[in-house]
Each structure stands twice: as structure tokens, then as C-alpha cells.
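Undergrad: Dumping the structure here so I can ask a few things about it.
The values are calculated or read from the model by the stated rules, or taken from the named source; none is laboratory data. Source: prediction; values computed, not measured. Positions of Cβ are backbone-derived with ideal geometry, glycine not excepted, and every protein chain shown enters the neighbour counts. For accessibility, only protein heavy atoms count, side chains too; no ligands or nucleic acids. Shrake-Rupley method; radii C 1.70, N 1.55, O 1.52, S 1.80 Å.
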Protein chains: 2
Amino acid sequence: MLNIVFIGTAGCGKTSLTYAFGKWLENELDANTSYVNLDPGVYITPYNPSYDVREIITVDELMKRGLGPNGAMVRAAEIIEEKIFEVSRKIHDLRSDFKLIDTPGQMELFLFRPMGPRFIEEIAKHSPTVSVYIIDPALASTLSGLATSLLLPMITRLRLGVPVVSVINKADLPEIYKVEEFSKNLHDLEKEMISEERGLIVDLASRFLELIEEFSKTIRIVKTSAKTGEGMSDLYTLIHEALCECGDLM
Amino acid sequence: MLNIVFIGTAGCGKTSLTYAFGKWLENELDANTSYVNLDPGVYITPYNPSYDVREIITVDELMKRGLGPNGAMVRAAEIIEEKIFEVSRKIHDLRSDFKLIDTPGQMELFLFRPMGPRFIEEIAKHSPTVSVYIIDPALASTLSGLATSLLLPMITRLRLGVPVVSVINKADLPEIYKVEEFSKNLHDLEKEMISEERGLIVDLASRFLELIEEFSKTIRIVKTSAKTGEGMSDLYTLIHEALCECGDLM
């Protein structure tokens, strides 16, 4: 049994990729797959969830009680955090080879609050767990956005404490070429920043950027598209490698 | 004229701090202050906005048209992005010494989408602009959360291209002591990560953490509380120093 947790910024295509990868596992590997929805705000999912956090609370319900959309999302996250043992036990009880876990639309509710780390801590006690960080080409197609997109999987690793693999999603979009172009020119960002300011902070920022650049050369990021089905087999290989915990990529 | 942009994760207290700092400027410096709301999802603000992005679109309106809360937030951000010149011109036209700009509840809509960078690029053409990154002690009171809280102002700097000052908000909460304790022990996180995995990625992660630790010793982070009024004068000093662009802190 393997837990695969899909994470990424709002609009990166988490739900579509969760579904597309699940279908691939079922069709290509004849795997027994279950889908888990952890987003209290979603209306419709393309998959039929085996466990759905909306049985505890929905954002809509809290809005009907008078909260604004932001407040309702934060409150829903708090309510789920209180029931994290129940949620993780129900997911643990599902019988499948692969449990594909789709996280809240707004990533910060999962990653920058106790919800994500506590949930992962619980489910990782029982089964191997890998997180898939989904890079949105719409963010990664500027220099600063690309640097940010490379820092976020690092933060995901830090926060969740399980192996993280990265994919660039929506590989069918034209932006994907820009991302590849910028990857070769990440050092330009360093030049840009250095010219503007000086002092200790800039020295640190420049070393940060050096590390990001080095990081971008070290990790293998696969391209995926829920639309065309591209990259599903590469993603599977990446997850497999991450679980070997060998640290060195093949 | 000075633009001050308040940024931070959902629930960190952006709106309350924007208002508390504005009141302090008005009362202590006899300053002419205007408040700007850039959150299409907020229901009530404690201040009376001189410009309000809800005149363009609200999350509620989009939800009435059938979108879910996540979809409505992303769509609202897109609609605002299309009108970013109009928004920035209207803010530029406000006549005040200080323009305090409150950003969307979910930080990723501003920081990890084109909205924030494009908006800042426009307003910074006309007046000096500083961003205040608000650290939530609820996030910063774990080791990985503190490291994340120190990386996010760096990402903010990278994305927005204007000076960023950092505050730890809600200084009236007991968590604030944990944050201070952890700040002294950031290197523990490195030990934790290294014991679990090995390889190139871990080497990079460990260098990242070293940098974060160094960064935490370099920057001066002030404690603020909208509730008690603590730290407003310190925040003012910090903003002033950032504008000197001297890079060295006093």
C-alpha cells in the first residue's frame, strides 16, 4: 500500500492530475486504486472519492453560517485539524494498492497550517507515503516564479517530512517552453537582484539563488499533462525512485 | 507618498494589522492615511477603504454564478489581473502620505500568481513601495514552520522586487515564546533531516537550512500585535530603514 499526496498552488491542476494518474495506474498496472478528497471547498471531483473530507465539513456550510470565503476556508481547516486522527484512520482502513490523496485547492491551508504536517505524520505511520509537488507553468514562466516553484517543493519536504517528487503540469500548454528556457538562465535573477541593493541580505539572497540553481540541475522534474496523459509513466518511475530512498537519481 | 503592502498566509492577521498600523500613523504622526482593500473575498473590513477591489469583482458574486469557493477565488484573481492598470491608477490617484494596502486572504492568489508582481510593478513606478511580511506564530511555532516562515519573506522579495520587512504578529499569544525558543535551535532541523535520508538532495537541503539559520540571525524581525498595539513604532522604524536601501540594519 502506498499513499501518494498531490500538492500545489491554487489552479495548478491537482484534482485533474490525481484522477489522470489514478486512471493510468488502473489501466496500465491493473492496480487497485482509491481516491481521497481532502478539499472541503471543492464542488465536483472527476473521481468518485473512497474517502471525502466533506463528510466532516464543507466551506459552503460555513459560509451559510455567515463566514466569508476566506474565513470559512480557515475555519474548515481548523475543524479538520481537530479530527485528523479520524480522517487518517478512515484512509488507513481503505484497501487498495495506491491511495491517491487530493489536497485543498488553496495550498497554504494544507502546507502553512498544522493540517498537512499532522495528517502526513499520521498516515505515514502505517504506509509508505510520497508527496507529488505540482509546478504550475503559469507561475514558473517568469524567473522569480521559477525560483519560487523550485523553493516550494523544498518547503513541502521540510513541512511534511516525506519524500517529495516534482512535476511540471499542463505540459500541453505553450508556457512549458518558457519554463525550460528560464531553467537555463536562473543565474540572471541573481544579477537582477544584486544590481538593485547591497548589504548582508543581498549576499544571502544571492547564495539562496545559487542553491536554487544548483538544485534545479540536481533534481529531475518530469512533465505531465492530465489532458494528453503525458508523463504518467515518468511520474510512476519518479515515485518509485523516491521510495528507494537512495537519494541518487537513476 | 509611500505604499505599504501587507502580506502573509491566510489567518495571519493582515487586515487587523493594516488597520492598527494605520491608526498608529494617524494618531502618533498625524499622518494622512488611506486604506486599500485588494481582497475580493473579504466581507467586512475594520477600516473604510479609500479604494476597494470589490468594486471590480467579489468572490461571492462568482459563487452565485455557480463556481466553488476555490474556483471563484482563482477566477476573481484573473479578473483583477486583467484590470491591474485601472486598479493601480486608482490607488495612485489617492492623496495621502501613507497608502496601506491589504492583500487577499489566501496569500498564494497574490504571491504565486501574476496579480501581486504585476500590481507592485505598477504602483512602485509612481511611489516608494515597501512590503510587510507578516509571520503567523501559529505557523512559526514548529521548527519546520519557522524555517518556512523565514523563507516566505525571501520569496516575497524575489516575487515583488521591492524591500520586504518581516514582523511576527499576534505577539500577545503565548506561541510567541516558542518561536523565540526555536529561533535559537534552527540547526536542529538540519540534524533531523540528515538522519533520515542521504544523497545530493539532502546535501542541498542542509545548505538551505544553514542559510535560513544565518538569515534568521541577520534580519531584525519585530513583534507586533494589533490587539495590544505593540510594535507599531518598531515597524515604522523598520520600514524607514528598508527605504534607506542601505542594506545594513541599525
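Undergrad: Quick one: B:T156 ticks every box in (1) within 14 Å of B:C12 (Cα to Cα); (2) under 10 Å from the mean Cα position of the chain (by Cα); (3) polar (S, T, N, Q) except a single one, so which number is it?
TA: Among (1) within 14 Å of B:C12 (Cα to Cα); (2) under 10 Å from the mean Cα position of the chain (by Cα); (3) polar (S, T, N, Q), B:T156 violates only (1).
Undergrad: Quick one: count up the residues across segment B:58-73 that are open to solvent by less than 20 Å² (accessible area, probe 1.4 Å) and of a type in the set (A, V, I, L, M, F, W, C).
TA: If we filter segment B:58-73 for residues that are open to solvent by less than 20 Å² (accessible area, probe 1.4 Å), which is where we start, we get B:59, B:62, B:68-69, B:72-73.
Applying the additional criterion that residues be of a type in the set (A, V, I, L, M, F, W, C) yields B:59, B:62, B:72-73.
Going through segment B:58-73 one residue at a time, the tally reaches 4.
Undergrad: Looking only at segment B:14-46, count every residue that is under 20 Å from B:M115 (Cα atoms), in contact with a helix residue (DSSP H, G or I) (Cβ under 9 Å, 6 or more places away or on another chain) and within 14 Å of another protein chain (Cβ to nearest Cβ) and tell me the total.
TA: Residues that pass the stated criteria total 7.
Undergrad: Looking at segment A:186-220 only, could you name the residues that are open to solvent by 50 Å² or more (accessible area, probe 1.4 Å) and either under 26 Å from the mean Cα position of the chain (by Cα) or modelled with pLDDT of 80 or more (or both)?
TA: Selection gives A:H187, A:R207, A:E210, A:E214, A:K217, A:R220.
Undergrad: Of the residues in segment A:1-24, how many are over 29 Å from B:A10 (Cα atoms) and surrounded by fewer than 22 Cβ atoms within 10 Å (Cβ to Cβ)?
TA: 4
Undergrad: Something else about it: Filtering segment B:158-178 down to residues that are more than 18 Å from B:F119 (Cα to Cα) and among the small types (G, A, S), which residue is surrounded by the most Cβ atoms within 10 Å (Cβ to Cβ)?
TA: B:S166
Undergrad: Quickly run through segment B:82-115 and pick out the residues that are surrounded by fewer than 17 Cβ atoms within 10 Å (Cβ to Cβ), among the acidic types (D, E) and closer than 16 Å to B:V36 by Cα.
TA: Across segment B:82-115, the qualifying residues are B:E86, B:D93, B:D97.
Undergrad: Among helices (runs of 4 or more DSSP H) lying entirely in segment A:98-186, which contain 2 or more residues that are of a type in the set (D, E) and under 15 Å from A:S216 (Cα atoms)?
TA: Details: elements: A:107-111, A:115-126, A:137-140, A:143-160, A:175-183.
Filter on segment A:98-186 gives A:175-183.
Undergrad: Let me ask something else about it. With hydroxyl-bearing (S, T, Y) and open to solvent by less than 20 Å² (accessible area, probe 1.4 Å) as the only criterion, which of A:T129, A:T142 stands out?
TA: On the way: A:T142 fails: open to solvent by less than 20 Å² (accessible area, probe 1.4 Å).
Just one listed residue meets the conditions, A:T129.
Undergrad: Something else about it: In this structure, does B:E78 turn out to be farther than 19 Å from B:V130 by Cα, out of contact with any helix residue (DSSP H, G or I) (no Cβ under 8 Å at 6 or more places or on another chain), within 11 Å of another protein chain (Cβ to nearest Cβ) and not in a loop (DSSP other than H, G, I, E, B)?
TA: On the way: farther than 19 Å from B:V130 by Cα: yes; out of contact with any helix residue (DSSP H, G or I) (no Cβ under 8 Å at 6 or more places or on another chain): yes; within 11 Å of another protein chain (Cβ to nearest Cβ): yes; not in a loop (DSSP other than H, G, I, E, B): yes.
In short, yes.
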